[in-house]
Amino acid sequence: MSDPKKYGFTTTILHSDRQKPIEHGSLHKPIHTAVAFGYQDARELAEVFQGKKSGYRYGRQGNPTVAALEDKITGMEQAAATICFATGMAAIGALTQALLRAGDHVVSSAFLFGNTNSLWQTVTQQGIDVSFVDATAVANVEAALTPATRIVFVETIANPRTQVADLARIGELCRQRGILYVVDNTMTTPYLFRPKDVHAGLVVNALTKAIGGHGNALGGSLTDTGLYDWARYPNIFDTYKRYPTPQWGMAQIRAKSLRDFGASLSPESAHHLAVGAETMALRMERECANALALAQMLEADERVAAVHYPGLPSHPQHTLSRDLFSAYGGLFSFELKEGIDCFDYMNRLKLAVPASNLGDTRTLVIPVAHTIFYEMGPERRASMGIAESLIRVSVGIEDTADLLEDFKQAF
Ligand SMILES: *Cc1c(COP(=O)(O)O)cnc(C)c1O
């Protein structure tokens, strides 16, 4: 692994642990459970605490097993640095804790993961102003910018209605204005899309989903692509300006969010997620192929009112998606025609499981308006394009014919 850049996506992940000395030649990074790290020289301990020497201080701020996963994600995103958190929401919450102050303004896509939407409502109560815009057109983002705008936040393919943000044009706008552009890459994963290519400064990945991929561990990450000039960010504390400028953002996030709020990823979870990541590309290929086949079959069925999947030519951002992503993802949603009850339909599915995760190896279905988007109420749901009968499907790696048969026989 002398030059990781020359290897492909999966090869790089499989061999990334060995880029640094690994204990006893273990082919997996071992699970380090120690919370404290001892130094033979007390002065060395002080230097580590002062950031003058690299090393681990205390498990809340970092751990060798977690650091190996952070390196893997940095490699996948071809970026500069990554910090892992206990969950995807902890990673997004870290942004607000570390980087935003009362009086700041955020422009966010209106088409959002439900809990991210709720988080923005929470910070609104803390003196941060959030504008929700239709981010499928850059003009809406531009119109919402104010002199106090610190962050523009979008998802690649929105969950569950699959609207695709105008990613490249928003990136160019943020670059011109010196605004931090944050892209939640969970739905596309770094295998289908790298936000760095559209000039994102920070990338969010919910590792719980496709990267871990087996529904057996929670985790999240923030990745600094290295493209944002932190000297232009007004809220950096002087203590973190001791570091070279490219490190300011991550230094502040690691201290102000991970250290002070403590949503640290456990080493056991980091291990599960790292093992899952090894097969992410293989799983994504199967999931994307299955999703396209199912979406096409349902769209052709007269009992279906609408299918939302960027891989279908009928999707409003189909061409944009084709230009941006190497495939269209493993998630789609659909609406049944009036008269067919969405609960009855889901109950007749024999393979697909009613559950709220996504990016699992198994196909999962959920009635969106009645579960994950229930709390926000009918008005906000309508503004996000969420019909009361909408079923979200997170497509797994089952054999394609079995899935097609399951969704057909359930009518
Ligand atoms: C699931 C998800 C999150 C949150 O991740 P958790 O690990 O469940 O906290 C954030 N963004 C998107 C797009 C998601 O799908």
Select, from SER264, SER269, the only residue that is within 30 Å of LEU27 (Cβ to Cβ) and outside any helix (DSSP H, G or I).
-> SER264
Would you check if SER326 is at pLDDT 95 or above, in a helix (DSSP H, G or I) and small (Gly, Ala, Ser)?
-> no
Which numbered condition ARG101 fails, given (1) closer than 25 Å to GLU379 by Cα; (2) outside any strand (DSSP E or B) | (1)
Just name the residue that is farthest from ILE170 (Cα to Cα) out of those in the stretch 217-236 that are within 13 Å of the ligand (Cβ to nearest atom) and either of a type in the set (A, V, I, L, M, F, W, C) or out of contact with any Leu (no Cβ under 9 Å at 6 or more places or on another chain) (or both).
-> ALA217
Could you grab the pairs with beta carbons closer than 6 Å, sequence gap of 6+ or different chains, first residue in the stretch 110-136 and in contact (Cβ under 8 Å) with a residue 24 or more places away in the chain, second one aromatic (Phe, Trp, Tyr) and within 15 Å of the ligand (Cβ to nearest atom)?
-> GLY114/PHE373; VAL130/TRP120
Might you check whether a residue that is more than 16 Å from the ligand (Cβ to nearest atom) and hydroxyl-bearing (Ser, Thr, Tyr) occurs anywhere in the stretch 104-126?
-> yes
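Step by step: first the residues of the stretch 264-287, then only those that are among the hydrophobic types (A, V, I, L, M, F, W, C) and within 17 Å of the chain's Cα centre (by Cα), then the one that is farthest from PHE407 (Cα to Cα). Which residue is that?
LEU265
The values are calculated or read from the model by the stated rules, or taken from the named source; none is laboratory data. Since the model is a prediction, treat every value here as computed from it, not as a measurement. Don't worry about glycine lacking a Cβ; one is built from the backbone with ideal geometry, like all the others, and counts go over all protein chains shown.
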